[in-house]
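J.: Structure incoming, see below.
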Amino acid sequence: MKTVEATSNPKQRSLWVETWRRLKKDKLAIVGMIFILLLFCIAISTIVIDLVTHKSFYDAYVIKQNLRMRFKGPSKDHIFGLDEFGRDIFLRMLWATRYSLFMGTFAIAIATVIGGTLGAVAGYYGKATDNVIMRFMDILLAIPSMLLATAIVAALGTSLTNVLIAIAISYIPTFARTVRASVLTVKDQEFVEAARALGASDFRIIFKYIIPNSLAPLIVQATLGVAGAILSVAGLSFLGLGIQPPTPEWGSMLSNARSYIREGWHLTVIPGLGIMLTILSLNIMGDGLRDALDPRLKN
């Protein structure tokens, strides 16, 4: 009987169970989450198809040109129409999903690990360590993230790896400042003092006690950061510094189609809608997570 009461008591629920309970009440955030999960499923499916067919499907349907059918609008056979080279826009949008989504996610994952570690070290040790790390972060923050990423890619060269590195570096300061602020509020708590009194090393205290208790703002920032990173990937590709044709990517599709707006409205509208809906869904989901992880909300 006591076990049942403890389980049903909201105070006994874990952080993640309680967070999910609050998040489910935000219908808009759930819709955004479902849309993002659908995009991930599409991205994984395109990778599996390429592996199974050894890219024969990709060569035969995604990048194959049919110049006699160029600029054809949406129809029963091609629901998103055909582009300036007669390629199916629907299939290209599906294949472009993995580049935009995975590159944005991986870039933010790298920035979260590096920036989070730097922010935790700066906040925990303070003084000279804090000043050195955070002044360097301030220098990076003084440069707009898109401009910094553009400069890095222009210097290193256009490739998937360089785009990933450039976007990750441009977002490191944001995560460093976020984690540092959380660490400053956690490091003087009683459980940290108890661990220190028991002889726990600084490494153990930071990674076992402080960072896990600073995850809530980090998760929210990472979710919102992925939206910005996807926009950066599209922006770099639009400028010709990202993923190069004929590889499909939303930004490069927009860049190639801007000269043909009068010939086919769908060439620009559909990739633009794909970018807009993805970023909107991530922002909505991030707002929902922020509200769900807020300890002041007990509804």
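J.: When the residues of the stretch 44-70 are narrowed to those that are of a type in the set (Lys, Arg) and more than 29 Å from the chain's Cα centre (by Cα), which ends up surrounded by the most Cβ atoms within 10 Å (Cβ to Cβ)? Step through it out loud before you land on a result.
T.: First, pick out the residues of the stretch 44-70 that are of a type in the set (Lys, Arg): 55, 64, 68, 70.
If we keep only those that are more than 29 Å from the chain's Cα centre (by Cα) as well, we get 64, 68, 70.
Details: Lys64: 14, Arg68: 7, Arg70: 17.
Among those that are of a type in the set (Lys, Arg) and more than 29 Å from the chain's Cα centre (by Cα), it is Arg70.
J.: Please work out which residue is modelled with the highest pLDDT, limiting yourself to the stretch 79-119 and to residues that are part of a helix (DSSP H, G or I) and among the basic types (Lys, Arg).
T.: The selected residue is Arg92.
J.: Here's another thing I want to ask about it. What is the number of the single condition among (1) part of a helix (DSSP H, G or I); (2) under 19 Å from the mean Cα position of the chain (by Cα) that Ser255 does not meet?
T.: (2)
J.: Just one of Ala128, Ala109, Ala142, Ala120 is surrounded by 19 or more Cβ atoms within 10 Å (Cβ to Cβ) and either small (Gly, Ala, Ser) or under 19 Å from Ser232 (Cβ atoms) (or both); which is it? Working first, answer last.
T.: Details: Ala128 fails: surrounded by 19 or more Cβ atoms within 10 Å (Cβ to Cβ); Ala109 fails: surrounded by 19 or more Cβ atoms within 10 Å (Cβ to Cβ); Ala142 fails: surrounded by 19 or more Cβ atoms within 10 Å (Cβ to Cβ).
Of the residues listed, the single one that is surrounded by 19 or more Cβ atoms within 10 Å (Cβ to Cβ) and either small (Gly, Ala, Ser) or under 19 Å from Ser232 (Cβ atoms) (or both) is Ala120.
J.: Of the conditions (1) part of a helix (DSSP H, G or I); (2) closer than 30 Å to Ser237 by Cβ; (3) in contact (Cβ under 8 Å) with a residue 40 or more places away in the chain, Ser182 clears all except one; give me its number.
T.: If we test Ser182 against (1) part of a helix (DSSP H, G or I); (2) closer than 30 Å to Ser237 by Cβ; (3) in contact (Cβ under 8 Å) with a residue 40 or more places away in the chain, just (2) comes out false.
J.: With part of a helix (DSSP H, G or I) and at pLDDT below 85 as the only criterion, which of Val226, Val192, Val233, Val220 stands out?
T.: Working: Val226 fails: at pLDDT below 85; Val233 fails: at pLDDT below 85; Val220 fails: at pLDDT below 85.
Exactly one residue qualifies, and that residue is Val192.
J.: For Leu101, indicate whether it is over 18 Å from Thr268 (Cα atoms), out of contact with any Gly (no Cβ under 9 Å at 6 or more places or on another chain), surrounded by fewer than 24 Cβ atoms within 10 Å (Cβ to Cβ) and not aromatic (Phe, Trp, Tyr).
T.: Working: over 18 Å from Thr268 (Cα atoms): yes; out of contact with any Gly (no Cβ under 9 Å at 6 or more places or on another chain): yes; surrounded by fewer than 24 Cβ atoms within 10 Å (Cβ to Cβ): yes; not aromatic (Phe, Trp, Tyr): yes.
Yes: the conditions hold for Leu101.
J.: Every residue in the stretch 173-209 that is over 27 Å from Ile139 (Cα atoms) and buried (at least 16 other Cβ atoms within 10 Å of the Cβ), please.
T.: Val192, Ala195, Ile205, Tyr209
J.: Going by what's in this entry, would Thr158 be described as in contact (Cβ under 8 Å) with a residue 40 or more places away in the chain and either crowded, with 21+ Cβ neighbours inside 10 Å or under 15 Å from Val113 (Cα atoms) (or both)?
T.: Details: in contact (Cβ under 8 Å) with a residue 40 or more places away in the chain: yes; either crowded, with 21+ Cβ neighbours inside 10 Å or under 15 Å from Val113 (Cα atoms) (or both): no.
No, not satisfied.
J.: Name the pairs: first residue in the stretch 286-297 and closer than 14 Å to Leu218 by Cβ, second residue assigned to a helix (DSSP H, G or I) and modelled with pLDDT under 75, Cβ to Cβ under 9 Å, at least 6 apart or on different chains?
T.: Once the first residue is closer than 14 Å to Leu218 by Cβ and sits in the stretch 286-297, its partners that are assigned to a helix (DSSP H, G or I) and modelled with pLDDT under 75 give Leu293/Leu15.
J.: Could you tell me how many of the residues in the stretch 253-269 are touching a helix residue (DSSP H, G or I) at 6+ places or on another chain (Cβ under 6 Å) and in contact (Cβ under 8 Å) with a residue 60 or more places away in the chain? Break it down into steps so the answer makes sense when it comes.
T.: Taking the stretch 253-269 and keeping what is touching a helix residue (DSSP H, G or I) at 6+ places or on another chain (Cβ under 6 Å), we get 253-255, 257, 260-261, 267-268.
Among the residues that remain, those that are also in contact (Cβ under 8 Å) with a residue 60 or more places away in the chain are: 253, 257, 260, 267.
Qualifying residue count for the region: 4.
J.: Considering every residue within the stretch 213-233, establish whether at least one is under 30 Å from Leu67 (Cα atoms), touching a helix residue (DSSP H, G or I) at 6+ places or on another chain (Cβ under 6 Å) and either buried (at least 18 other Cβ atoms within 10 Å of the Cβ) or not small (Gly, Ala, Ser) (or both). Break it down stepwise before answering.
T.: We begin by selecting, within the stretch 213-233, every residue under 30 Å from Leu67 (Cα atoms); these are 233.
If we keep only those that are touching a helix residue (DSSP H, G or I) at 6+ places or on another chain (Cβ under 6 Å) too, we end up with 233.
Okay, now just the ones that are also either buried (at least 18 other Cβ atoms within 10 Å of the Cβ) or not small (Gly, Ala, Ser) (or both), so 233.
Yes, some residue in the stretch 213-233 is under 30 Å from Leu67 (Cα atoms), touching a helix residue (DSSP H, G or I) at 6+ places or on another chain (Cβ under 6 Å) and either buried (at least 18 other Cβ atoms within 10 Å of the Cβ) or not small (Gly, Ala, Ser) (or both).
J.: Take the stretch 241-296 and flag every residue that is among the charged types (D, E, K, R) and crowded, with 24+ Cβ neighbours inside 10 Å.
T.: Hit for the stretch 241-296 is Glu249, nothing else.
The values are calculated or read from the model by the stated rules, or taken from the named source; none is laboratory data. What you are looking at is a predicted structure, and each value in this text was computed from that prediction instead of being measured. Methodologically, a virtual Cβ is constructed for each residue, glycine included, from the backbone with ideal geometry; neighbour enumeration extends over all protein chains shown.
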